[in-house]
Amino acid sequence: MINEHIMYNKNISKILEKVKNKGDKAVTDYTYKFDKIRLSSASFRLTPKQVNELAEKTPQKLKTAIKNAARNIEYFHKQEYQRIKKTWQIKTNGKILGQIINPVDNLCVYIAGGKYAFYPSIVLMSVIPAKIAGVKNITITTPPNNITPSVMYAAKITGVNTVYRIGGPQAVAAFAFGTKTIPKADMIVGPGSSYVTESKRQLYGITGIDLIAGPSEVGIICDETAQPKQLAYDLLSQIEHSPDARGYLFCSSVGLINKVKKLIEIEIKENRSSLPYLSLKKQLSFYNCSTEKAVEEVNKIAPEHLQIIHKKESYILSRIKNAGAVFLGKYTPVVTGDYYAGPSHTLPTNGTARFSSGLSVQTFLKKISVIRYSQSALIKDASNIQELALSEGLKMHAKSIKVRVE
């Protein structure tokens, strides 16, 4: 398994290196190889007219849903932005200390293609927080088969008219390095396939990224008041994403757990042809345990999504330290956050909620420290600074101070 993983990473590395060296030609070649579409470099980017024409083909009912979701997402992230400490300075003992807060300049939003081949929600959840953060140059790239009306409509209403129809590792590499026709991005965000995720991981440092997205996961802590049918669909809604998606149910009622299992087994059987990988044994874990044990296990797992349907909701929430997003009450399934509630659905997975957060306005903001010493302040601090520098064997550091205070 380890050798297979190493070979997988090497194969991705070869693609990235070829795009770095060959530029547009490599992008063309790999697009033909993986997507079976022959594009010239001149046709990588859609014209604004093409974007608009496709966008207008979106059904009116879906247009309304996308616009309303966008309104909620914008409202939430504006509230977040208002609460972020902006550029600041303090004066103390002859020194001026502070921070300058700036957005990144150039952003590429990767829109995944997949089983259903279109994800307008990713456009909304990524572009809107970036716009509110103040990012000026936003580009969307997505696999050729993902150039669909709803994705283009989401791009249009969020004000993005620079759209490229390339995907996979070749797209990530092209925007990380830049080519003759593809602009270099300071940051690349958005979930994708395991190939895209590995590409982002390898190119981090050459370009910024949001996070290393893994399979979807949900944890549910509930008591006997929860409805088994609701729980069953809440678990199924997340594991339907992929064979390696995971769900965890924590409940003190054995009877409720067994009812949920039976309902899930029925759904799996009825949807075997369309969702052949759904598996109760491989994708789901059930814990008959106390509330305290449930909280302990959730904090270890650090799930992407956590639902709490329990009489002690507030108490449980106060003890949760590790989760990407928390959904409270029986009327708040994860799906509300996937599409509509407001916070971005791009969240940490695979336990990374222990040390990281989901995509938000703050993802796109950089902090620059500002320091100014007066002569008297430097004279006062000089001996301590020189002592620290010399203790680390850095003589020129010490002399940089010494020549100013002699």
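See the values below:
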item: Count - residues of region 369-387 that are in a loop (DSSP other than H, G, I, E, B) and without any contact (Cβ under 8 Å) to a residue 12 or more places away in the chain; result: 0
item: Selection status of K131, charged (D, E, K, R), in the same structural domain as G190 (by TED's automatic domain parsing) and at pLDDT below 95; result: no
item: Helices (runs of 4 or more DSSP H) contained entirely in region 120-225, each with at least 3 residues that are closer than 18 Å to A70 by Cβ; result: 120-133, 149-157
item: Hits in region 166-196 - residues which are in contact with a Lys or Arg (Cβ under 8 Å, 6 or more places away or on another chain) and surrounded by fewer than 24 Cβ atoms within 10 Å (Cβ to Cβ); result: F177, G178, T181
item: Count of residues meeting criterion [free of Cβ contacts under 8 Å to residues at least 60 places away in the same chain, within 28 Å of N68 (Cβ to Cβ) and surrounded by 15 or more Cβ atoms within 10 Å (Cβ to Cβ)] in region 287-335; result: 8
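Residues checked against (1) small (G, A, S); (2) over 24 Å from I101 (Cα atoms); (3) not assigned by TED's automatic domain parsing to the domain that holds F250:
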{"residue": "P144", "(1), (2), (3)": "no, yes, yes"}
{"residue": "G167", "(1), (2), (3)": "yes, yes, yes"}
{"residue": "D186", "(1), (2), (3)": "no, no, yes"}
{"residue": "Q202", "(1), (2), (3)": "no, yes, yes"}
{"residue": "E224", "(1), (2), (3)": "no, yes, no"}
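The values are calculated or read from the model by the stated rules, or taken from the named source; none is laboratory data. Since we're looking at a predicted model, the values are computed, not measured. Heads up, the Cβs are rebuilt from the backbone with ideal geometry, glycines too, and the neighbour counts pull from every protein chain shown.
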